[in-house]
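The structure under discussion appears below in the form of structure tokens.
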Amino acid sequence: MTMPIPGSERFSSRPVDPDELAASLPASLPLHTVSQEQIDALDPLTYEVVRHRLWSVTDEMGEALKRMSGSPIVTDANDFDFAIGDELGQEVQVGLYNTMLVGAVDLAVYWTLRHRAANPGIAEGDMFLCNDPWVGGGLHQNDVIVYQPVFHDGQLFAWTSAIAHEPDLGGVGLGSFSPSATDVFSEALPTPPVKVVRGFQLQDDVADLWVRRSRVPMLVGLDLRAKIGANSIGRQRLLSVIEQYGADTVKAVMKRMMADAEQRLRDKLRRLPDGTWRASGYQDQSHAGDRSLHRITVAMTKRDDHLTFDFTGTGPQSGVVNCTYAGMRGGVVSAVLPLLAGDIPWAAGGLMRCFDLVSEEGTLNNATFPAAVSRGPIGPAWLTGSLVAECLSQMLDRSVDHERSVQATCCGTWDTAVLAGLDERGSQPVPFLNLLMEPMAGGYGARPGADGMDTGGLFCIPMGRIPDTEMTEFLYPLLTLWRREEPDSGGPGRHRGGVSASMAVTPYGTSVPMGLVLASAGKSVAQNNGLAGGLPGNTGVEVLARGAGMAERLAAGELPTTLAEVGGQQEFGACYAESHLAPGEVFYMHWQGGGGYGDPLLRDPEAVARDVREYKVTEHGAQEVYGVVLSGGRVDQEATRARREELRAGRRHRAAPAGPGPQATVDLAGARRLDDNLVEARHDGAPVVGCAHCGQVLGDARAEGRLRLARFDGPSSAAGPQVTSDPALYVDDEVVFRQFCCPGCWTAVWSGVVPADHEDHALDLARLLTAAPSAG
Amino acid sequence: MAYVIGVDVGGTFTDAVLDDDAGTIIAAKAPSTPPDYSRGVLDVLGVLAEQLGRPLEDVLTDTHHIAHGTTSSLNALVMGNVPPVGFLTTRGHRDSIYIMNVEGRYLGSSPHELQHVLGQTKSHGLLPKRHALEVTERIDRDGEVVVPLDEDQARAAIRALLDDGLRAIAVSLLWSFRNPAHERRLRELVHEMDPEVFVSLSSEVSPRIREYARNATTIMSTQIGPGLRDYLGTLEDGLRERGLRGPLLVMQSNGGAVAARQAPATAISTVGSVLTGGVVGSVALGQQLGHRNVISTDVGGTTFLVGLVVDGEPVRATTTVINHHPVNVPTLEVHAIGSGGGAIAWLDAGGNLQVGPHSAQAVPGPACYDQGGTEPTNTDANLVLGILPERGLLGGRKPLSLERAREAIRTRIAEPLGLSVEDAAAAIHAVQNAQTGDLLRKTVVEAGHDPRDFVLYAFGGAGPAHCAAYAAEVGVAEVVVPLGPVASAFSAYGLASSDIVVAAELSDPAAMPLDPVRVEKAFADLETQVREALDRQGVRYTAVSLDREIDMRFTMQLAELAVPVPGGPVDDAVVAQAGRAFERRYAELYGEGSGFAAAGIQAITFRVRGTGVLPFSPRLPELARAGSADPSAARTGSRPVDLADGAGPVDTPVYDYRALRAGHVLEGPAIVEVPTTTVVVPAGRTGTVDRLGNLSITPRQESSR
């Protein structure tokens, strides 16, 4: 770990007290604001009309950005976002693209107000550019934000912003990613807010300074103009709304949108039980050559109408798997928005007032300068979001009203592979650089009432997409041998996690080896956890088949569609590696599916039969994981019953004893749901946790602090066919398949693929027996 | 005497318009008759014949052609009411249609649905995986065969599909638009085994790069092709038996028609035909009225459709979305921007008033229909405000319950907000107008135009009550409500006025500067295809025009822009001119300086559209002129009406459209009751009955009094 650099603290932006920020600004920067009376005086008609108009403005900005950008990661993967903020940059309206960015955009504006208002000043016609993840705006240096103050009658009225991932901004690694970086100086240079537009003019000196660092300066130049264009559209449209309705009315609507969203989220929180829920997760490997696990842990406490996320205990910053405070906040937002605010307008400035963050500096998701952070969004920030979602789902699962918002963890990262080499298909050889987009087709987590979406995408980029194979082959010297959904990759459960997909490519139209940079996680431990006894989805795997001789084999009419058919010498790709892909070789990627919900032995056998027909589950998986036996494609009821009993007996046989305790049962009739398997009931006059299936008392706070469950630790492969490789290939830590079962009926209550020293939050009785929800 | 007839088969009604070459236009309506819609068509033709006082056989004998638009294929796709089909694709790539590029999860969703990620599904798969089989073959981006087609393996796959009872097979292979040999061979193999099986090839249905959309397009075309073939066959037989000698034409999404016999092979091209009828009608009416730029708004009970006419030409799109799948159909761009008269007003959890996007649909309908609906809609608000007559719609044939409307608004909106029922109704009306205005503005502006340069046409039952207000929201000065003899069947009028349009396209992606020889060859091949297709229609044209375009983009962009290219020989100058036209169009859409030629420009798809102009198309007849501008003869009385303009209820004159004559001028506020709709002329505006019987609404100072 590198030593902190004195003087770098100045660039760490944090959420602010808006009044204090406003008071700190120089007289040269008058703000436009409205009083609470003006906000209260809005009539419902005007509010709705202007609100809708602002939505339309934001939407137009996004359309413009998306259509003008030249980065596939924007145009195809939709890794971008845009926002309108009030005079202090609090987000009033955000786009529906990369939701993690929502947690970072306002931080950049706050910082700019603090550090640019006096010198060089903030004036009409300015736009700022920033890619410093400590300042905010984005989560790593590739996220570049362009944002502008909008003035009305000489007063600062609002901010618009447009942000997108740029393919390369320099640094030692292709795509600005170096898997062996030891600090940020090996990555793209973080650029704090700089005026790229002044007096409505793009400043050529700044633009040149900006694009000069990149391996693809033309694309970066095109995107810079796209962002400027989107902001210009936002400004024009916003000013015409002001012209029609008056500045005070528009501002009152903006403020009320945030207050309204905040109020609705607070109302919802108030109706949920108070308590503390915990989750811990891991990134396997932190950089090329590393073989350890890196833990992020969170304790979510809900009191009345407020949430606190406490990350104390998270591991120290390490290698490249770090993110700044902006990344931690972005991760939290990416879970809170869809799970808690799916039915509330995303006036994020208001929603973000409902939580605060507690974290130690210098940790994986609150890294201090000069930690390497290029893996920030898809590593630690993503994991942060997954863990927060896990806590929220535990809280929400108790209530039938909210279980629609409960979801096992989705694909836990975006496996990245960058290929760069020489395209020799044209008359002149040209260099190319391609980030393979396909791993965006991850699986979604299962829900109490539904299976996870198969190849549904990435949870934190709701509108992501992957390119067509033909577009990839048109642009790059590659032949895609296959791209398909992988059976058994969805986390087994009463509801199955969504399956993921795999792809295999071989060089085509190039005579020299291509460089290959790998960055991924979730290969030894699961990042796509199940819920309520559901199992994690598949572990990721990358394979390089050396000496596969594809050119000759294609010529001979062979089209392999499995790794076994590909043959050659197959190397497993490390999570972080720099390698190459030579002509004739094959590169295979299989990314993560979603976690399952509930015990797979409780899954409707007909649903399993349908999954087998649709190649979502193999017959082998059906028997081994779901205990469903098919005969001629139909469920063999008798054999299935026997097989399921056999599997339950196997659980009993292999488990460590649950330990001594009362063998009491509770009456399920009066019990209250905790999740798919657990209920809260009364026993001997005290609240206890019981098994929802057999009624056995599993936890009594008077006797002990932990649930009394039977425990099994076995090799990770015991989780099922979704574990695709040996953890020892990647890490030195011992990794196990751990399952806790009810010692009465042997229903799985919790399942995971975790390090042996994983802290078993699942056994924590306090998370289950908390105060009953308040009335109302 | 020669007639041209347009028939618009909707889900509920079949409309028809007949025009003779002597200036007479009549319209008729009959119930649609699912599942065999052809009976409804014959019924409505019978009604037309009755109105003419001639036997149907005589009318059909004298009919030059019938142009026919149908919603049944689209409905079949949307409802999933299609026969099972098989799918053959390249080995390793079956799952393209299941992965759906991920975007199949959310394409075509409203903003509200987009935000609610946990409410989304991918359960709209095109077909079960056992019916999607891979064949061993591979072609590369240059059209070179990498792995030849394994015919034995292909036969086994086809056999498996046939053994499963499938009677239609879609074939879509990677890069088939560069080299269709394997697809064609597969069709031969299918027909060797069973010549009766319906086969669609992606290289014929949609020879465009990006396999997911091409696969989905080919599969959907195969799903509706046999049904369309059977339906049109039955209909054409029925018409021939009754004496029709001229061609039966089918409207396509691109705003032009093709011969019924030609339609099933590329059935997907007909899916949007009913949606586009109104835009084609607007083009025709615009020609007669001298309007070059028109915003066409068609507001029904459940839909609000917007199309654009720019410089006399309808604005086109190259892709549409059906059931969350992208579909490659050249189409007139028609945006569904929310709901119509049945849009439900509701309060969200924050107590904010919202209107739509949910609709009360036909059943139960607005609360005032008294069919069990309890939620307040636009229509209920309009009744409470006095805009709609208390005695009901359709001259009283559709009774309305003011009591139910008031009750719904009172309980759901007024009391929770602490407003009077009247104020709540006014708020609903105003929110609807403002939101419609936002969506209209977005639609026009995102197409790169300024709404102030347009005239707005409003038709459909629910549009004319709002149009003057939503037009004012976006700065449109003149609104025209088409009210002549075809008011109730404007879409059928559009069909009757359509020409034959045949398009052909081919992706041949390459970077600028393009090789002129390659471009010329691409266009020459496409033009040959288009001319042959025009010949196959069996119709006499007075003129044929061919339009070329290239879809271009800056390198790596997702979206392409269609750029027109002049006909004739192609040289470097023509190529360079196309590049400049692209940059110019790009700047129009996104602002000056937004483009960046240094990133490089790519041409992706070449397209030729051939228009065969038919010998005649209907012109609306002129209405008798009024003796003076004074419309009092048509005034039936007055009632208090609140137009949600802040003035509260104002005693407002009511006019009977049937008594209005060309030249009558109505000062707003005024209400015009038409049998099929109700028109609002707001205060400060003037309504003028034009020579064709349309009501033109303009700001008072611009009126031609």
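The values are calculated or read from the model by the stated rules, or taken from the named source; none is laboratory data. Just so it is clear, the structure is predicted and the values come from calculations on it, not from any experiment. Cβ coordinates were reconstructed from backbone atoms using ideal geometry, including for glycine residues, and neighbour counts include every protein chain displayed.
Out of all the residues in the stretch B:107-129, is one or more more than 14 Å from every other protein chain (Cβ to nearest Cβ), in a helix (DSSP H, G or I), within 29 Å of the chain's Cα centre (by Cα) and not aromatic (Phe, Trp, Tyr)? There is no residue in the stretch B:107-129 that is more than 14 Å from every other protein chain (Cβ to nearest Cβ), in a helix (DSSP H, G or I), within 29 Å of the chain's Cα centre (by Cα) and not aromatic (Phe, Trp, Tyr). Take the conditions (1) modelled with pLDDT of 95 or more; (2) not charged (D, E, K, R); (3) not in a loop (DSSP other than H, G, I, E, B); residue A:669 misses just one of them, which is (1).
Going through B:290, B:286 one at a time, which residue ends up being outside the structural domain of residue B:690 (by TED's automatic domain parsing) and either under 28 Å from residue B:435 (Cβ atoms) or of a type in the set (A, V, I, L, M) (or both)?
Numbers: B:290 fails: either under 28 Å from residue B:435 (Cβ atoms) or of a type in the set (A, V, I, L, M) (or both).
One residue alone meets the criteria, B:286.
For the stretch B:170-217, the tally of residues that are under 27 Å from residue B:552 (Cβ atoms) and within 14 Å of chain A (Cβ to nearest Cβ) stands at 22. Of all the criteria given as (1) facing chain A (nearest Cβ under 7 Å); (2) crowded, with 22+ Cβ neighbours inside 10 Å; (3) more than 26 Å from the chain's Cα centre (by Cα), the one not satisfied by residue B:132 is (1). Of the listed requirements (1) free of Cβ contacts under 8 Å to residues at least 24 places away in the same chain; (2) in contact with a helix residue (DSSP H, G or I) (Cβ under 8 Å, 6 or more places away or on another chain); (3) of a type in the set (Gly, Ala, Ser), residue B:290 misses just one: (2). Looking at the stretch A:208-227, which of the residues that are modelled with pLDDT of 95 or more and either within 11 Å of chain B (Cβ to nearest Cβ) or over 33 Å from the mean Cα position of the chain (by Cα) (or both) is nearest to residue A:432 (Cα to Cα)? Top of the filtered list is A:211. May I ask you to verify whether residue B:341 is crowded, with 20+ Cβ neighbours inside 10 Å, at negative phi and touching a residue at least 60 places away in the same chain (Cβ under 8 Å)? Yes: the conditions hold for residue B:341. The requirement of being in a loop (DSSP other than H, G, I, E, B), within 14 Å of chain B (Cβ to nearest Cβ) and surrounded by 22 or more Cβ atoms within 10 Å (Cβ to Cβ) is not satisfied by residue A:534.
Going through the stretch B:105-125 one residue at a time, which ones are over 17 Å from residue A:410 (Cβ atoms) and either crowded, with 23+ Cβ neighbours inside 10 Å or among the hydroxyl-bearing types (Ser, Thr, Tyr) (or both)? Listed by number, the residues that qualify are B:109, B:110, B:123.
With respect to the conditions (1) among the hydrophobic types (A, V, I, L, M, F, W, C); (2) in a strand (DSSP E or B); (3) within 17 Å of residue B:93 (Cβ to Cβ), residue A:474 falls short on a single one, namely (2).
Considering every residue within the stretch B:70-93, establish whether at least one is within 7 Å of another protein chain (Cβ to nearest Cβ) and on the phi < 0 side of the Ramachandran plot. Yes: the stretch B:70-93 contains one or more residues that are within 7 Å of another protein chain (Cβ to nearest Cβ) and on the phi < 0 side of the Ramachandran plot. Restricting the search to the stretch B:666-702, which residues are charged (D, E, K, R) and part of a loop (DSSP other than H, G, I, E, B)? Those that are charged (D, E, K, R) and part of a loop (DSSP other than H, G, I, E, B): B:690, B:691. Here B:373, B:463, B:437, B:386 are screened, and the one residue that is assigned to a loop (DSSP other than H, G, I, E, B) and out of contact with any strand residue (DSSP E or B) (no Cβ under 6 Å at 6 or more places or on another chain) is B:373. Selection of the stretch A:138-188 for residues being under 28 Å from residue A:91 (Cα atoms), without any contact (Cβ under 8 Å) to a residue 60 or more places away in the chain and assigned to a loop (DSSP other than H, G, I, E, B) yields only A:169. Among the numbered conditions (1) within 14 Å of chain A (Cβ to nearest Cβ); (2) touching a residue at least 60 places away in the same chain (Cβ under 8 Å), the only one that residue B:271 does not meet is (1).
One residue stands out in the stretch B:433-454 among those that are over 18 Å from residue B:477 (Cα atoms) and at the interface with chain A (Cβ under 10 Å from one of its Cβ atoms): the one that is modelled with the highest pLDDT, namely B:435. Could you go through the stretch B:27-38 and let me know if any residue there is farther than 29 Å from residue B:168 by Cβ and basic (Lys, Arg). For the stretch B:27-38, residues farther than 29 Å from residue B:168 by Cβ and basic (Lys, Arg): present.
Which fully enclosed strands (runs of 3 or more DSSP E) of the stretch B:251-352 have 1 or more residues being of a type in the set (Gly, Ala, Ser), farther than 28 Å from residue B:207 by Cα and in contact with an Asp or Glu (Cβ under 9 Å, 6 or more places away or on another chain)?
Qualifying strands (runs of 3 or more DSSP E): B:343-347.
Of everything in the stretch A:443-457, what is more than 8 Å from every other protein chain (Cβ to nearest Cβ) and hydrophobic (A, V, I, L, M, F, W, C)? Give them in sequence order.
A:446
Of the listed requirements (1) touching a strand residue (DSSP E or B) at 6+ places or on another chain (Cβ under 7 Å); (2) modelled with pLDDT of 85 or more; (3) in a helix (DSSP H, G or I), residue A:82 misses just one: (3). Each residue in the stretch A:438-471 was checked for being in a loop (DSSP other than H, G, I, E, B) and within 26 Å of residue A:425 (Cβ to Cβ), and 4 pass. Going by the structure shown, is residue A:324 more than 14 Å from chain B (Cβ to nearest Cβ), surrounded by fewer than 24 Cβ atoms within 10 Å (Cβ to Cβ) and among the β-branched types (Val, Ile, Thr)? Taking the combined requirement at face value, the residue does not satisfy it. A count restricted to the stretch A:455-504 and to residues that are closer than 24 Å to residue A:619 by Cβ and of a type in the set (S, T, N, Q) stands at 4. Under the condition of being modelled with pLDDT under 95 and either under 18 Å from the mean Cα position of the chain (by Cα) or of a type in the set (Asp, Glu) (or both), the residues counted in the stretch A:345-360 number 1. Of the residues contained in the stretch A:487-499, one or more are found to be under 22 Å from residue A:331 (Cα atoms), touching a residue at least 24 places away in the same chain (Cβ under 8 Å) and either part of a helix (DSSP H, G or I) or within 11 Å of chain B (Cβ to nearest Cβ) (or both).
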